[in-house]
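The values are calculated or read from the model by the stated rules, or taken from the named source; none is laboratory data. Since the model is a prediction, treat every value here as computed from it, not as a measurement. Reconstructed Cβ throughout: ideal geometry from the backbone, glycine too, with neighbour counts over all protein chains shown. Keep in mind that these areas ignore ligands, DNA and RNA; they rest on the heavy atoms of the full protein, side chains included. Shrake-Rupley method; radii C 1.70, N 1.55, O 1.52, S 1.80 Å.
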Amino acid sequence: FGQLLLARAIAGFGIGATLPVVYSLVGDWYPARRRASATAFVTAASGAGVFVGQCLSTLVGSMDWRWPFFIIALPCATSSAMIWCLAEEPVRGGMEDGIETLSLYQSAGFHYSPVLTRRHLRALVHNRTNLLVTLQAFPGNIPWGVIIVYIHDFLVQDLGLSQHSALGAITMLAGAAFAGVLAGGFVGELLYGTSTRYLALFGGFCNIIRAVPFFILFGWKGSFGSFQHSSEGMFFLVLILGGFVATMASPCTGAMLLNVNMPETRGSVMAMYTVLDDVSKGIGTLFVSMIVKLVGGRAVAYQISLLVWVFTGIALLLAWHTYDEDEQQMRKHLDEAAMESMVIMSKQRSQLAIREYAKAAGEAHFAQRSLGVRREQLADVQRVANTSRNAHGGSSSMWASGSGGVSTAYGTISGGPRSANAAAMSTTTILPKLSSGSGSSTTRVGGLGLADKDRLHRAVRAAAEAVRAAPRARGE
């Protein structure tokens, strides 16, 4: 039993963590006008999965109680792998209305950061629609806890149905609830397109009206007697009607929560709603067990629990006055956050551009300063060469060659710097001719790329030696 309890707790953690994320993803995959139908599909799929699992456990569990756990685990593992490999991450807030928001999330490339700020908490506290919709989960789902736990025993023990008939009745109820979720989603979507407030009105009326058929069902024996004196077909018709109406408001309340909360807080709000939903169903069984002895029977206790649907339905009707305002407020907060993010992004881009411009200006300044140093050193070389030529009466042709080599190596003042390869080749060709024809090593000098002052000094010394060697070369 301990291992089974641990496995059930782990499975509960997985389910509890999955549903809020799925609803939050629905809010990012679909725009506000389509969230009612999208939420309906998620809710209907969850209910259908629970129903299929219960039927499978009934059929396979009779052979071995371990088989249902193994069989159900296979599609769960398969769907998890498919979601991991195939599902695409939506753009957080990409389906929201608003010029600033669309510009931010679709064009500016803003990345969602899952951090609750003061703006988010303040919006949650002042959101009245959240409170009114959350009442549908707690205490609004107390009657569902009663129906899920006690409906089978009530049909068999109180109304006298056989096990087979009771299972058929529960199947009809589940099928009607499945159809009601889908129908409620599409009706809510049509009403939202007409006016956003109609979504709250539709959900409130459905939550109030659904108490009527179940009130009749729980009081069937007291009002109409046993099935020997009443129509069994009429009973099943009321049961189907009750299951259909009871779930029509579910996708509407889910869509309302998605529409009035910011993308950053939707997952948290849906998680809170899911937790309160489960707590409410658990309290429902405790509530009925406590009042059975006080009211004189289970049927009356079941009927009293249905009054919770009436009160919470009235509370949802009040959202007529708050829903539109809270939805507009959410869009306002979202646009403000988008504008702040765009300002931050603009500042970052401006700072980056300033750094790039400063770097380019520094490189240009260094290059200009380096070029000025080279031109001053070239002037010094020319003055030294002129002094040596005047002192030794050097050949004008040889000096032309020498000064031409140096000028070629460093670039003329008027013509600007030449390429490094051309300068090096000129220096390599000219300087040996100035060195008395001996096979001495040549000095390879670059143009604008020369950054080492020692190379310039060696070039100056080589030019001076070439000029002094010119008389010896002429005498030979």
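Taking the condition of being part of a loop (DSSP other than H, G, I, E, B) and among the aromatic types (Phe, Trp, Tyr), how many residues in the stretch 120-157 meet it?
1
Residues that are hydroxyl-bearing (Ser, Thr, Tyr) and free of Cβ contacts under 8 Å to residues at least 60 places away in the same chain: which helices (runs of 4 or more DSSP H) entirely in the stretch 244-350 hold 3 or more of them?
none
I need every pair where a residue in the stretch 72-97 that is within 28 Å of residue 55 (Cα to Cα) has its Cβ under 7 Å from the Cβ of a residue that is assigned to a helix (DSSP H, G or I), sequence separation at least 6 or different chains.
72/53; 72/56
For the stretch 15-70, name all the residues that are open to solvent by 80 Å² or more (accessible area, probe 1.4 Å) and touching a Pro at 6+ places or on another chain (Cβ under 8 Å).
Answer for the stretch 15-70, where residues must be open to solvent by 80 Å² or more (accessible area, probe 1.4 Å) and touching a Pro at 6+ places or on another chain (Cβ under 8 Å): just 29.
Going through 272, 256 one at a time, which residue ends up being in contact with a Phe, Trp or Tyr (Cβ under 8 Å, 6 or more places away or on another chain) and within 15 Å of residue 130 (Cα to Cα)?
256
Out of all the residues in the stretch 100-111, is one or more assigned to a loop (DSSP other than H, G, I, E, B), open to solvent by 60 Å² or more (accessible area, probe 1.4 Å) and at pLDDT 80 or above?
No, every residue in the stretch 100-111 fails to be assigned to a loop (DSSP other than H, G, I, E, B), open to solvent by 60 Å² or more (accessible area, probe 1.4 Å) and at pLDDT 80 or above.
Residue by residue through the stretch 202-214, note down the ones that are in a helix (DSSP H, G or I) and surrounded by 17 or more Cβ atoms within 10 Å (Cβ to Cβ).
Within the stretch 202-214, 202, 203, 204, 206, 207, 208, 209, 211, 213, 214 meet the criteria.
Condition check: open to solvent by 20 Å² or more (accessible area, probe 1.4 Å) and on the phi < 0 side of the Ramachandran plot. Does residue 309 satisfy that?
Criteria not met by residue 309.
Is the stretch 45-62 home to any residue that is in a helix (DSSP H, G or I), within 14 Å of residue 252 (Cβ to Cβ), aliphatic (A, V, I, L, M) and in contact (Cβ under 8 Å) with a residue 24 or more places away in the chain?
Within the stretch 45-62 (the criterion being in a helix (DSSP H, G or I), within 14 Å of residue 252 (Cβ to Cβ), aliphatic (A, V, I, L, M) and in contact (Cβ under 8 Å) with a residue 24 or more places away in the chain), the answer is no, since none of the residues qualifies.
Somewhere in the stretch 187-197, is a residue in contact (Cβ under 8 Å) with a residue 40 or more places away in the chain, in contact with a Lys or Arg (Cβ under 7 Å, 6 or more places away or on another chain), surrounded by 21 or more Cβ atoms within 10 Å (Cβ to Cβ) and assigned to a helix (DSSP H, G or I)?
yes
Got a sec? Which of 256, 262 is at pLDDT below 90, open to solvent by less than 60 Å² (accessible area, probe 1.4 Å), under 35 Å from the mean Cα position of the chain (by Cα) and on the phi < 0 side of the Ramachandran plot?
On inspection, the qualifying residue turns out to be 262.
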